[in-house]
Amino acid sequence: MELSPTLQEEFDIVIRRNPGEAEFHQAVREVLESLDPVIKKRPEYVEYGIIPRICEPNRQIIFKVNWQDDKGRVHTNRGFRVQFNSALGPYKGGLRFHPSVYLGIIKFLGFEQIFKNALTGMPIGGGKGGADFDPKGKSDNEIMRFCQAFMTELSGHIGHDIDVPAGDIGVGGREIGYMFGQYKRMTGRYESGVLTGKGLTWGGSRARTEATGYGTVFFADEMLKLSGESFDGKKLVISGSGNVAIYALEKAQQLGASVVAMSDSGGYIVDENGIDLEQMQDLKEVRRGRISEYADVNSQARYVEGGQIWDVPCDVALPCATQNELNIGGARALINNGCTLVAEGANMPSTPDAIRAFQKAGVRFAPGKAANAGGVATSALEMQQNASRDSWSFEHTEERLQEIMVGIHERCAETAEEYGRPGDYVTGANVGGFLRVADAMMAMGVI
Ligand code: NDP
Ligand code: 2IT
């Protein structure tokens, strides 16, 4: 899509100021493409410089992380925390440990997080962090030493009213535990609200582990309801087999769907009988194994090394692995095989041309910043429980999560309609999130 001259000028500045950060450029461009009708209606946003101010992080922290492996060898990694926007609350967003991490990835994720967090309606700003550390194949002690070294540097920049990290790729309950322990040691404070995704006996929230995957399914369910459909009897393909994918699998099954394919970075498995949740949890959450092992022990399942999971026919596809994992080839395969709905559990998994193909073909499409907001929303519920030294039941927390997802869906649908693009959840999410942040920034003046 062409940008108007004003927005093109802003985009050119972003490219010039952030050379070589392709994922960040992609995320900014997608939001700017939605904003044309907004700046026509509200030119004061341009006069007050809201767009360049939203595209520039408040603060970018880059630090060295030295740690020792079990053989005593010393390794040096690079750590990041990008504190992007705090108009609506303390910076909030996950930490990603993956060898592909560099500043451009953290900035794209932090930028997305601003609008996602705004859409939840909760008092949280946008931030993201991580390291180019590869947790694969590391022992528990190595993970602990890395997390402690990482937190030693990060601890001076975070706090329950400042910046509240959580998990993302490669960072789950185990890593949050080691980081919380190191923060507690360094500060001498039991500051429960400094991290979310904690264990249930030490300040964590029930349903946070499940929240992102459940939330994505709740959001897709709202989309289906608009045409009188439900998950019952639907065939699903879910990419990835990590935290988001596994709990999307669980909720989809609870709603009567059959998930026939899942993946990891090595390849994908197909099980036409429906993937077994308990086996997947044991394989990925307990044994931390490879997805190919599922096919080794289930004769009805097959493993395809490499390839694209999107070739497996389905009614609904939930990309839940990583950015740009669903390209135009994947989109064409899904469309040709009759898929009618795509909801993103991951952050920016679909490439821009894949999204355009879905929209052109009439495939309902929900972007990550709307469909995967259940994770961070439940993190905000965890902060709320920590602040009141309370702990809610699973049922109550899940109910809150579902209400929030229904609310986000409503806001996206209404905003898309109001801005002349009915049914376009990309516009709905970008504009809906942007308006909340922009209005708060206007109210607070030039700071
Ligand atoms: P996990 O680390 O638990 O799982 C990641 C999954 O994606 C694994 O199956 C992994 O396979 C696969 N994967 C990761 N990188 C690649 C890659 N480069 N190529 C192919 N496959 C890959 O992470 P999460 O489930 O937490 O996160 C998944 C996505 O959801 C990410 O985009 C994340 O940003 C997003 N997200 C997460 C939230 C959360 O609360 N955790 C909230 C909102 C969004 P392998 O093990 O082989 O690497
Ligand atoms: O991308 C995301 O929204 C997350 N990884 C969760 C962030 C959080 O603070 O819970």
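The values are calculated or read from the model by the stated rules, or taken from the named source; none is laboratory data. All figures in this text were calculated on a predicted structure; none of them were measured in a lab. Methodologically, a virtual Cβ is constructed for each residue, glycine included, from the backbone with ideal geometry; neighbour enumeration extends over all protein chains shown. Accessible surface is based on the protein model in full, side chains and every heavy atom, while ligands, DNA and RNA are left aside. Shrake-Rupley method; radii C 1.70, N 1.55, O 1.52, S 1.80 Å.
A single member of 107, 128 is basic (Lys, Arg), within 22 Å of residue 372 (Cα to Cα), open to solvent by less than 10 Å² (accessible area, probe 1.4 Å) and near ligand 1 (Cβ under 10 Å from one of its atoms), and it is 128. The criterion of being surrounded by 14 or more Cβ atoms within 10 Å (Cβ to Cβ) and within 20 Å of residue 428 (Cα to Cα) does not hold for residue 61. A single member of 252, 261, 248, 257 is surrounded by 20 or more Cβ atoms within 10 Å (Cβ to Cβ), in contact (Cβ under 8 Å) with a residue 12 or more places away in the chain and near ligand 1 (Cβ under 10 Å from one of its atoms), and it is 248.
For residues that are touching a residue at least 60 places away in the same chain (Cβ under 8 Å) and in a helix (DSSP H, G or I), scanning just the stretch 42-58, find the one that is surrounded by the fewest Cβ atoms within 10 Å (Cβ to Cβ). Only one residue fits best here, namely 44.
Selection over the stretch 63-84 of residues that are within 17 Å of the chain's Cα centre (by Cα) and either more than 16 Å from ligand 1 (Cβ to nearest atom) or not in a strand (DSSP E or B) (or both) gives a count of 1.
Of the residues making up the stretch 119-140, at least one is in a helix (DSSP H, G or I), closer than 30 Å to residue 410 by Cβ and within 16 Å of ligand 2 (Cβ to nearest atom). Under the condition of being in a loop (DSSP other than H, G, I, E, B), closer than 19 Å to residue 386 by Cβ and touching a Lys or Arg at 6+ places or on another chain (Cβ under 8 Å), the residues counted in the stretch 151-197 number 5.
The single condition among (1) over 17 Å from residue 212 (Cβ atoms); (2) within 16 Å of ligand 2 (Cβ to nearest atom) that residue 323 does not meet is (1).
In this structure, residue 216 does not satisfy being within 16 Å of ligand 2 (Cβ to nearest atom), assigned to a helix (DSSP H, G or I), within 30 Å of residue 425 (Cα to Cα) and open to solvent by 10 Å² or more (accessible area, probe 1.4 Å). Selection of helices (runs of 4 or more DSSP H) fully inside the stretch 316-398 by the criterion of at least 3 residues being at negative phi, open to solvent by less than 10 Å² (accessible area, probe 1.4 Å) and within 11 Å of ligand 1 (Cβ to nearest atom) returns 368-371, 374-387. When the residues of the stretch 181-196 are filtered to those that are open to solvent by less than 20 Å² (accessible area, probe 1.4 Å) and closer than 23 Å to residue 373 by Cα, which remaining residue is nearest to ligand 1 (Cβ to nearest atom)? Result: 196. Among residues that are at positive phi, touching a residue at least 12 places away in the same chain (Cβ under 8 Å) and within 13 Å of ligand 2 (Cβ to nearest atom), residue 211 is not included.
Take the conditions under 26 Å from residue 402 (Cβ atoms), more than 12 Å from ligand 1 (Cβ to nearest atom) and open to solvent by 50 Å² or more (accessible area, probe 1.4 Å) and apply them to residue 123. Does it pass? Yes.
Scanning the stretch 193-216 for residues that are under 14 Å from the mean Cα position of the chain (by Cα) and among the aliphatic types (A, V, I, L, M) yields a total of 1. Consider the stretch 304-315. How many of its residues are open to solvent by 10 Å² or more (accessible area, probe 1.4 Å) and either among the aromatic types (Phe, Trp, Tyr) or within 16 Å of ligand 2 (Cβ to nearest atom) (or both)? Looking only at that region, the number is 0.
Taken over the stretch 159-171, the criterion of being farther than 20 Å from residue 188 by Cα and either open to solvent by 30 Å² or more (accessible area, probe 1.4 Å) or aromatic (Phe, Trp, Tyr) (or both) is satisfied by 168, 169, 170.
Right, residue 89: within 12 Å of ligand 2 (Cβ to nearest atom) and either in a helix (DSSP H, G or I) or open to solvent by 10 Å² or more (accessible area, probe 1.4 Å) (or both) or not? Spell out how you get there, then give the answer.
Values: within 12 Å of ligand 2 (Cβ to nearest atom): yes; either in a helix (DSSP H, G or I) or open to solvent by 10 Å² or more (accessible area, probe 1.4 Å) (or both): yes.
Yes, satisfied.
Can you find even one residue in the stretch 205-212 that is within 17 Å of residue 160 (Cβ to Cβ), at pLDDT 95 or above, surrounded by fewer than 23 Cβ atoms within 10 Å (Cβ to Cβ) and hydroxyl-bearing (Ser, Thr, Tyr)? The answer is no, given that none of the residues of the stretch 205-212 is within 17 Å of residue 160 (Cβ to Cβ), at pLDDT 95 or above, surrounded by fewer than 23 Cβ atoms within 10 Å (Cβ to Cβ) and hydroxyl-bearing (Ser, Thr, Tyr).
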